[in-house]
Amino acid sequence: MKAQNGRVELAPLHNTAAVAGERLSEPVFPQRPHLLTNDPWPGDGERHWTPPQIYHALRGWAFPYLKSRLLPGDFHPIVAYLFTEYKCNLDCHYCWAYDNRVKGMTEEVAKASIDWLHSSTCRVLALMGGEVLLRPQFAQKVVYYAAKRNFFVYVPTNGRLMKPDVIDRLADAGVATFNLAVDAVDEKPGLPKALNPIRSSFEYLVKKQYRYGYTVFLNINICRNNVDDVRQLTEIAHEHKISTDYHINEPPLLEPDHFKHLEENSTYIRPEDYARIDAVVDWLIAKQRAGYTMANSVERLAQMKQFMRGGHSEPWNCRAGQNTLIIRVDGTLAPCFPMYNAVEDWGGVGEPRFDNRQLDDMKQSCQPHCFSTLNHIVGYCYDDRRVIEFLLRQARHGFQGIRGNLD
């Protein structure tokens, strides 16, 4: 996957019509002015899913899944990651993704991407970066347009640019979920994504979720130098009644030429760290079983121990390029995050060129070295019994918040 002379290059844009297309519409703000007040609001602090909100979630996740099981062929996207930025305002030493040389996505490519995805089974759109909020007005436009087309829209951020006005604008535009990526309580060497520098914005984000109807979760990367922070952040999330999602730190599958922390990386887990990581994973499993809300199943958390020691022992049914995909800032496609810099031609917006035989061959070598949480969940769903039992379990509780995992 690496180009000659050690340089990784992006594939060319294949759908030139995407560049010359229409721009995104201007958001109407506020659509719900009565929610902008900071006065006490009925239901603040408590979650109650309304029938329209339940239907929105089912339309985003359940219906596309069911269609993917019934329709012929293998390319039926459920989740698409729209890389609006590759630039970032922070330099996390484990992150090989961001590249401040890459220009952000244009409105024309964003609109063409959403329109194309809308013509498919896909109804979950995750904005990606870099840092999505480097251009908050652009992010608002993307969220507004996608939400109007009935997408379940997901926004990740490190929170440094997440000011109250930005929160209100994205919430009013129709965002469904905020993924707040923090790895430490206070900044650590190599780990600038910390909670305390954004504490006031975090409190505002959590407070306003109930009136707007979005959800919040903390995304935490387990590294060799943040084990105590993982525990603290888990307890903070539980106190605020929000979910958590965990990753185990891993080096890049490819070697992007711009990544400067591949050697002497203070975040990479070493053999002498295994016992401490095992202990925090066991602690997380105990908390999950005690009722803490986590995206990771007990089984998946336990697998972190094996993964950090050298990978998976067996394939895990990765569905990248079939039910998940990424759209790069220039409109070209790739199956997943680690392959963003690959030179393989997978097509562009409106013209996918995923080949199952090529993907299967690729996954033979990359699956054992990849711990993608979302792609693993999607692959795990391709067992109808699990999904039916999960939906019935949620229905018994009136779809009032996710209870348990798919395991």
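Descriptive notes on the structure:
- The residues of region 213-246 that are out of contact with any strand residue (DSSP E or B) (no Cβ under 7 Å at 6 or more places or on another chain) and either part of a loop (DSSP other than H, G, I, E, B) or crowded, with 21+ Cβ neighbours inside 10 Å (or both), listed by number, are G213, R224, H240, K241.
- When V175, V132 are checked against the criterion of being under 19 Å from the mean Cα position of the chain (by Cα) and within 30 Å of L70 (Cα to Cα), a single residue qualifies: V175.
- Which numbered condition G310 misses (of (1) free of Cβ contacts under 8 Å to residues at least 60 places away in the same chain; (2) within 28 Å of I78 (Cα to Cα); (3) in contact with a helix residue (DSSP H, G or I) (Cβ under 9 Å, 6 or more places away or on another chain)): (2)
- Yes/no for Y210 being touching a strand residue (DSSP E or B) at 6+ places or on another chain (Cβ under 7 Å) and over 29 Å from D278 (Cβ atoms): no
- Residue tally, condition over 20 Å from L35 (Cβ atoms) and either more than 17 Å from the chain's Cα centre (by Cα) or part of a strand (DSSP E or B) (or both), over region 155-169: 4
- Verdict on V143 being assigned to a helix (DSSP H, G or I), touching a strand residue (DSSP E or B) at 6+ places or on another chain (Cβ under 8 Å) and buried (at least 24 other Cβ atoms within 10 Å of the Cβ): yes
- Some residue of region 309-321 being surrounded by 13 or more Cβ atoms within 10 Å (Cβ to Cβ) and assigned to a helix (DSSP H, G or I): no
- Screening I326 against (1) buried (at least 24 other Cβ atoms within 10 Å of the Cβ); (2) assigned to a strand (DSSP E or B); (3) in contact (Cβ under 8 Å) with a residue 24 or more places away in the chain leaves a single unmet condition, (1).
- Close pairs from region 353-377: first touching a residue at least 24 places away in the same chain (Cβ under 8 Å), partner surrounded by 15 or more Cβ atoms within 10 Å (Cβ to Cβ) and part of a helix (DSSP H, G or I), Cβ under 7 Å, at least 6 apart: C366/P338; C370/P338; F371/F307; H376/R300
- Residues of region 272-301 satisfying the condition of being closer than 17 Å to N375 by Cα and either aromatic (F, W, Y) or assigned to a helix (DSSP H, G or I) (or both): V298, E299, R300, L301
- A Cβ distance below 8 Å, combined with a sequence gap of six or more or placement on separate chains, defines the contacts here; from region 261-288, residues that are modelled with pLDDT of 95 or more reach residues that are of a type in the set (G, A, S) and surrounded by fewer than 18 Cβ atoms within 10 Å (Cβ to Cβ) in the pairs V281/A302; I285/A302.
- Members of region 182-191 that are surrounded by 20 or more Cβ atoms within 10 Å (Cβ to Cβ) and in a strand (DSSP E or B): A184, L191
- Hey, L359 assigned to a helix (DSSP H, G or I), hydrophobic (A, V, I, L, M, F, W, C) and at pLDDT 85 or above or not: yes
The values are calculated or read from the model by the stated rules, or taken from the named source; none is laboratory data. Only a predicted model underlies this, so the values are computations on that prediction, with no experimental measurement involved. No Cβ is skipped: glycine too gets one built from the backbone with ideal geometry, and neighbour counts run over all protein chains shown.
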